[in-house]
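The structure appears right after this line, and notes come after that.
The values are calculated or read from the model by the stated rules, or taken from the named source; none is laboratory data. Computed from a prediction, not measured in an experiment: that's the story for all the values here. Ideal geometry is used to build each Cβ from the backbone, glycine not excepted, and the neighbour counts take in all protein chains shown.
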Amino acid sequence: MRLQLIAALVVLLPATGATAQVDDRESGEGKLDSEVALYADDDATTVITTLVAADLRLPAPVVVDAHALIDAVSSASVDVVSAATPRWTENRIELGAKAQARLARLDLVLGYVSSGENDWRSHGIALGVGKDLADDNTTIRAGYGYTTNRIGRARDPVFEKTLDVHGAELSLAQVIGPSTLASLAYTVQRSDGYHASPYRYVMTTGGGAGPEVHPSGRTRHAITGRLLRALGPTTTVDASYRAYVDGWGVSSHTAQLALTRELGDALDLRVRARGYYQDAADFYQESYAAPMRYMSADRELSTFWDAGGGLKLAWYGEAIEIGVKIDGSYYRFLDFGRLGGRVAVVTGGGITWRW
């Protein structure tokens, strides 16, 4: 079974994310990261995530990295209970690799990710290109990602669906003075295939029940603006806003504000706050009087908002970095009768070794 919080991780690969500074690292330099995080909410769902990642600068102007991630999921949420299914547990395993190169003053990225669990398998590729202009004060990046998914249903060898996702992003980053960096990114995504859950069923007021049915195509658009500003030598503010709309009638707004402060030569504290609001999909209803062409019991397509924040403390040594964090969120579903709200907490920590 694929949870929404897991599915979001593999929809679009980060083709235009920040790349390692290939030319600023010596041949043979690298790092090894190890992280563990625990997600738990009051909807009877827990996820333990373990991540190991490493990268290495090659003799050529190329940095290669690889990662392995395991999600151990256990859930008896309202989605599970309403489908007359007992608590279930499963593991999701993700493996990925990426190469970043500097060629003809262009930053190039090529990546691949594979993810699998008992009823879902996906493969994704990512391509990216970036160029610095105006004495490295302006950076333009473009990226493309493609993910193919095969969806099954537990204990049903006949059920098999597909979902293909194409995504692209164009971003511009600009240095504004000695202490300010601004960026703007536009993302578009098109997915075709099976978007529903094989485990969710929709009840009508007349007592009937049928499988969830979503449109076969979905186009998403998002614009994200971000501003980073140094407030003196020890404090940095990071503010961002994202506006989103798609072909299903869903629109959303996300705002985030973070403050990082140096507490000494080797200790940083980061405080983060986030807010989100979403309108429901056009075809979503809390209850259906009669069967319709499209019907959904997915609370992620309802009207809801969430708010949260967290703390992260990081210590930096000569070759070792250690970080711990805690984040909390409250979700309020405005037209999902089976669950009015949800509280979730994520705790975690990690160690990085550089050489």
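General observations
- Condition check for A182: among the small types (G, A, S) and at pLDDT 95 or above: yes
- So T147, is it β-branched (V, I, T), closer than 25 Å to A126 by Cα and surrounded by 15 or more Cβ atoms within 10 Å (Cβ to Cβ): yes
- Residue in the stretch 80-93 that is in contact with a strand residue (DSSP E or B) (Cβ under 7 Å, 6 or more places away or on another chain), surrounded by 14 or more Cβ atoms within 10 Å (Cβ to Cβ) and at pLDDT 95 or above present: yes
- The listed residues are T224, T254, T236, and the only one of them that is more than 19 Å from S171 (Cα to Cα) and at pLDDT 95 or above turns out to be T236.
- Among the residues of the stretch 243-284, those that are out of contact with any Phe, Trp or Tyr (no Cβ under 9 Å at 6 or more places or on another chain) and either touching a residue at least 40 places away in the same chain (Cβ under 8 Å) or charged (D, E, K, R) (or both) comprise D246, R261, E262, L269, R270, V271, R272, R274, D279.
- Note on the stretch 104-159: residues that are assigned to a strand (DSSP E or B) and out of contact with any Phe, Trp or Tyr (no Cβ under 8 Å at 6 or more places or on another chain) total 35.
- The numbered conditions (1) more than 22 Å from T219 (Cα to Cα); (2) within 17 Å of the chain's Cα centre (by Cα) are all true for R190 except (1).
- Residue list for the stretch 91-142, restricted to those being over 20 Å from the mean Cα position of the chain (by Cα) and more than 30 Å from A182 (Cβ to Cβ): N118, D119
- Within the stretch 19-62, restricting attention to residues that are among the β-branched types (V, I, T) and more than 23 Å from the chain's Cα centre (by Cα), the residue that is nearest to W353 (Cα to Cα) is V22.
- A314 satisfies every condition listed in (1) of a type outside the set (S, T, Y); (2) surrounded by fewer than 17 Cβ atoms within 10 Å (Cβ to Cβ); (3) not in a loop (DSSP other than H, G, I, E, B) except (2).
- If only residues of the stretch 157-167 that are without any contact (Cβ under 8 Å) to a residue 40 or more places away in the chain and of a type outside the set (K, R) are counted, the one that is farthest from H214 (Cα to Cα) is P157.
- Selection within the stretch 155-183 - surrounded by fewer than 14 Cβ atoms within 10 Å (Cβ to Cβ) and farther than 29 Å from T224 by Cα: R155, D156, P157, V158, F159, E160, T162
- Among the residues making up the stretch 285-311, those that are under 17 Å from D327 (Cα atoms) and either touching a residue at least 60 places away in the same chain (Cβ under 8 Å) or of a type in the set (G, A, S) (or both) are A307, G308, G309, G310.
- Positions within the stretch 130-144 being at positive phi and either surrounded by 14 or more Cβ atoms within 10 Å (Cβ to Cβ) or charged (D, E, K, R) (or both), in sequence order: D135, D136
- Selection of first residues in the stretch 33-44 that are within 10 Å of A344 (Cα to Cα) and charged (D, E, K, R) and of second residues that are at pLDDT 95 or above and crowded, with 18+ Cβ neighbours inside 10 Å, restricted to Cβ pairs under 6 Å at least 6 apart or on distinct chains, gives the following pairs, ordered by first then second residue: D41/R342; D41/A344; D43/R342.
- Any chance R226 is touching a Phe, Trp or Tyr at 6+ places or on another chain (Cβ under 9 Å) and of a type in the set (K, R): yes
- Of residues in the stretch 293-310 being under 19 Å from the mean Cα position of the chain (by Cα) and assigned to a strand (DSSP E or B), the one surrounded by the most Cβ atoms within 10 Å (Cβ to Cβ): F304
- The residue that is surrounded by the fewest Cβ atoms within 10 Å (Cβ to Cβ), counting only those in the stretch 252-292 that are closer than 30 Å to A314 by Cα and charged (D, E, K, R), is D265.
- Qualifying residue in the stretch 325-336 (condition: touching a helix residue (DSSP H, G or I) at 6+ places or on another chain (Cβ under 9 Å) and under 30 Å from V36 (Cβ atoms)): yes
- The single condition among (1) exposed (fewer than 14 other Cβ atoms within 10 Å of the Cβ); (2) closer than 23 Å to Q256 by Cα that I320 does not satisfy is (2).
- The residues on offer are L259, L263, and the sole one that is farther than 19 Å from E321 by Cα and either of a type outside the set (S, T, N, Q) or touching a helix residue (DSSP H, G or I) at 6+ places or on another chain (Cβ under 7 Å) (or both) is L259.
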